[in-house]
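Colleague: The structure under discussion is supplied below as structure tokens; questions concerning it will follow.
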Amino acid sequence: QVQLVESGGGLVQTGGSLRLSCAASGSIFEIKTMGWFRQAPGKEREFVAAILRTDWSTTYADSVKGRFTISRDNAKNTVYLQMNSLRPEDTAVYYCAVRRGLHTNAVDLWDYWGEGTLVTVSS
């Protein structure tokens, strides 16, 4: 079992920045990929970014490329999402997730999830 706890959400104006953190605990050795997803009101959960624990390979959704950066600190078992140039359409609950395998955009194939942190971008 892996437990995930997100933090760092909040209210920010358009163009602002936030950094989300996700601390993992439990069976860390199981984790191969760490990622972030988001779910806006009335919409399905969607992939945002992912990073492998064993190297620095990253993947991003087209909608956040060039604005968001995912990183990790294995010593702290923590993954981060630096979000810059935020837009109102980035408003969502952001979820941290991990999986035992390599990256996939498919939400159902991720093994463990945090409870989410709300990001609100005002116009």
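The values are calculated or read from the model by the stated rules, or taken from the named source; none is laboratory data. Everything numeric here is computed off the predicted structure, so don't read it as measured data. As a convention, Cβ positions derive from the backbone with ideal geometry for all residues, glycine included, and neighbour counts pool all protein chains shown. The protein model used for the area step is the full one, side chains on, heavy atoms only, and it has no ligands, DNA or RNA in it. Shrake-Rupley method; radii C 1.70, N 1.55, O 1.52, S 1.80 Å.
Colleague: Name the single residue that is surrounded by the fewest Cβ atoms within 10 Å (Cβ to Cβ) among those in segment 73-115 being of a type in the set (Lys, Arg) and closer than 19 Å to residue 53 by Cα.
Modeller: Checked segment 73-115; the qualifying residue surrounded by the fewest Cβ atoms within 10 Å (Cβ to Cβ) is 76.
Colleague: Restricting attention to segment 59-98, which residues are β-branched (Val, Ile, Thr) and closer than 21 Å to residue 39 by Cβ?
Modeller: Matches in segment 59-98: 59, 64, 69, 70, 79, 91, 93, 98.
Colleague: Would you mention how many residues in segment 63-104 are closer than 16 Å to residue 25 by Cβ and among the acidic types (Asp, Glu)?
Modeller: Qualifying residue count for the region: 1.
Colleague: Could you grab the pairs with beta carbons closer than 8 Å, sequence gap of 6+ or different chains, first residue in segment 101-112 and assigned to a loop (DSSP other than H, G, I, E, B), second one open to solvent by less than 60 Å² (accessible area, probe 1.4 Å) and of a type in the set (Val, Ile, Thr)?
Modeller: Here the result reads 101/33; 102/33; 103/33; 103/59; 110/98; 110/104; 111/2; 111/98, each pair linking segment 101-112 to a residue that is open to solvent by less than 60 Å² (accessible area, probe 1.4 Å) and of a type in the set (Val, Ile, Thr).
Colleague: Next question. Considering only segment 1-99, give the strands (runs of 3 or more DSSP E) lying wholly within it that have at least 2 residues that are over 10 Å from the mean Cα position of the chain (by Cα) and small (Gly, Ala, Ser).
Modeller: Strands (runs of 3 or more DSSP E) meeting the threshold: 18-26.
Colleague: Could you run through segment 56-73 and say how many residues are over 18 Å from residue 85 (Cβ atoms) and of a type in the set (D, E, K, R)?
Modeller: Selection size over segment 56-73: 2.
Colleague: Pairs needed: first member in segment 39-67, under 19 Å from residue 9 (Cα atoms) and of a type in the set (Asp, Glu); second member anywhere, buried (at least 18 other Cβ atoms within 10 Å of the Cβ) and at pLDDT 95 or above; C-beta distance under 8 Å; at least 6 residues apart or different chains.
Modeller: Pairs found: 46/37; 46/38.
Colleague: Right, another one. So which residues in segment 19-51 are open to solvent by less than 30 Å² (accessible area, probe 1.4 Å) and among the aliphatic types (A, V, I, L, M), if there are any at all?
Modeller: Of everything in segment 19-51, those that are open to solvent by less than 30 Å² (accessible area, probe 1.4 Å) and among the aliphatic types (A, V, I, L, M) turn out to be 20, 24, 28, 31, 34, 40, 48, 49, 50, 51.
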